[in-house]
Amino acid sequence: MSQLIRSFFRLIRWPNLVFIFLTQLLFYHFILLPSFAIRYVAVPMPVPKLEPLLFYLLSASSVLIAAAGYAINDYFDLNIDRVNKPKRMVVEKVIKRRWTILWHWILSGMGILLSFYVSWRLRNPIIAAANLGCVGLLWFYSTTFKRKLLIGNIIISLLTAWVILVLFVCEARITTDPTYREVTSRIFKFAIVYGSFAFIISLVREVVKDIEDMDGDAKYGCRTMPIVWGVNVAKVFAGTWLVVLIGALVIFQFYVLQKIWWQLILYSVLLIDLPCVWLLRKLYEAQGKQQYHLLSNVIKGVMLTGICSMLLI
């Protein structure tokens, strides 16, 4: 039984689920809620629509939908995983395929139900529609888009960004209240900054993972970037986006410099900028599967340090 439980948590990638929850928790407590505490004018401040209970239900929905996506991905990638990661396989080794697909539907159903409840409470149909769309995208990603050139990478990157953007969407309203509009404008700016960061760094990692998994992908007819255009082109693509990310970070730091947020600048330079420069260098030196796996793990570390910078804002 203990092996089955451990295998289940490996199936749903529990560390990634913790990361999703942590991302939303930090944005909610260190950006969204403080934005409502800043007094722009001498009038009573509006209160956030996304109260704590609804936030935790929304975050649970995001986690459940992501867990379902990981399960269905392993369900359809059974043959590819036998080549790419035979020692880390769970489906058929411990958990039968029929149970995997059942867990996908259970987790997806729970996530959608929570989304509809939050959407109903907030009177915001976009949340339910978008999360339902996420379930559909994760299904078609696993069945079709993952094997297509670039589109699968973009879908995963967009879904990563949505983890942050959904919190802004919860507060988005058409209103004539200037104070509320000022508050949501501030939230929107930070949502775009962190959403863009999540999109770019996720896109880079997806391409690096495609290079790492070329053997199994090629054997079963996938048309990922390194297979179709070659490893060197895939490296240039990922490296270009890293350069874009580094440039955007420098511009953001010049903006932060005007606010005299020295701690945030020092943190981002040491734990985000320099690791990105290191990644850029090592990306072009990488040759073997182990080196690409190391790069993928370092990128995850940069994602974590990037998200944790919210603690300093």
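The values are calculated or read from the model by the stated rules, or taken from the named source; none is laboratory data. Being a predicted model, the structure only gives us computed values, none of them experimental. Neighbour counts run over all protein chains shown; Cβ positions are idealised from the backbone, glycine included.
If I ask for residues that are aliphatic (A, V, I, L, M) and either in a helix (DSSP H, G or I) or at pLDDT 90 or above (or both), which ones from region 26-63 would you list? Listed by number, the residues that qualify are Leu26, Ile31, Leu32, Leu33, Ala37, Leu50, Leu53, Leu54, Leu57, Leu58, Ala60, Val63. Can you name the number of the only condition in (1) out of contact with any Gly (no Cβ under 9 Å at 6 or more places or on another chain); (2) surrounded by fewer than 19 Cβ atoms within 10 Å (Cβ to Cβ); (3) not polar (S, T, N, Q) that Ala191 fails? For Ala191, the failing item is (2). Within region 114-150, the set of residues being within 20 Å of Pro48 (Cβ to Cβ) and either in contact with a Gly (Cβ under 7 Å, 6 or more places away or on another chain) or buried (at least 18 other Cβ atoms within 10 Å of the Cβ) (or both) comprises Leu114, Ser115, Val118, Ser119, Leu122, Asn124, Ile127, Ala128, Asn131.
Which one of Ile155, Ile112, Ile126, Ile106 is farther than 28 Å from Val204 by Cα, hydrophobic (A, V, I, L, M, F, W, C), in a helix (DSSP H, G or I) and touching a Leu at 6+ places or on another chain (Cβ under 7 Å)? Please lay out each step first, then the result.
Working: Ile155 fails: farther than 28 Å from Val204 by Cα; Ile126 fails: touching a Leu at 6+ places or on another chain (Cβ under 7 Å); Ile106 fails: touching a Leu at 6+ places or on another chain (Cβ under 7 Å).
When all the criteria are applied, what remains is Ile112.
The residues of region 38-97 that are surrounded by fewer than 21 Cβ atoms within 10 Å (Cβ to Cβ) and in contact with a strand residue (DSSP E or B) (Cβ under 7 Å, 6 or more places away or on another chain), listed by number, are Leu78, Arg97. The residue that is nearest to Val91 (Cα to Cα), counting only those in region 130-144 that are without any contact (Cβ under 8 Å) to a residue 60 or more places away in the chain and touching a helix residue (DSSP H, G or I) at 6+ places or on another chain (Cβ under 8 Å), is Leu137. Scanning region 190-218 for residues that are over 15 Å from the mean Cα position of the chain (by Cα) and of a type in the set (A, V, I, L, M) yields Val208, Ile211, Met214, Ala218.
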